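Structure first, commentary second.
Please treat every number below as a calculation from the coordinates, not as lab data. All values derive from a computational prediction rather than experimental measurement. Cβ coordinates were reconstructed from backbone atoms using ideal geometry, including for glycine residues, and neighbour counts include every protein chain displayed.
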Amino acid sequence: MLPPVVKTITVPCPPERAFDLFTRDIAKWWPLDKNSVSAMSGHVARDILLDPQLGGEIHEIDHQGNQLLWGSFAAFSRPERLVINWHINRPANEATIVEVLFTKSGENTEVTLSHSGWETLGDQAETTRNGYNAGWVYVFTDCFQAACN
């Protein structure tokens, strides 16, 4: 069993703002030019649509205007925690789990992203985990953190 990918950052805003930025405002900070299904084929996605509630889905609007399902919320507890069944560019039965915790720390918020469940990917588990370990550095610790500043 592979360990989860875990990334923790501290952002200079209250948990409510960090949570809303991560969810409702995801299209403002997610690097659609580098981290999307469209980007995998050399294009830039148009948008991300997110239904911010339990069971709500996350869709990429690809470069041609098609909706591509990235995952759905298995937990949505504003402003403390969200859990996503994450299966971007994969069938739902191959979903991994992305959990994000938002913890007040003085005037700031500590945000911890944990990505687990690699065993659902079989032979591709280790390679995929390694890709996400590097990818979350850019998407989460660089792009999301910069959006919070």
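Brief remarks on what is shown
- Exposure proxy for Ser114, Ser72, Ser77: other Cβ atoms within 10 Å of each Cβ, ordered fewest to most, give Ser77, Ser114, Ser72.
- Per-residue Cβ neighbour counts within 10 Å put Asp33, Asp51, Asp123, Asp20 in the sequence Asp123, Asp33, Asp51, Asp20, beginning with the fewest.
- Amide N of the range 101-117 lying under 19 Å from the label point, which is placed 7 angstrom from the Cα of Thr141 along Cα→Cβ: 101-103, 109-116
- Based on DSSP H segments of at least four residues, each scored -39500 (n - 2.57), the chain has a per-residue ellipticity at 222 nm of -5000 deg cm²/dmol.
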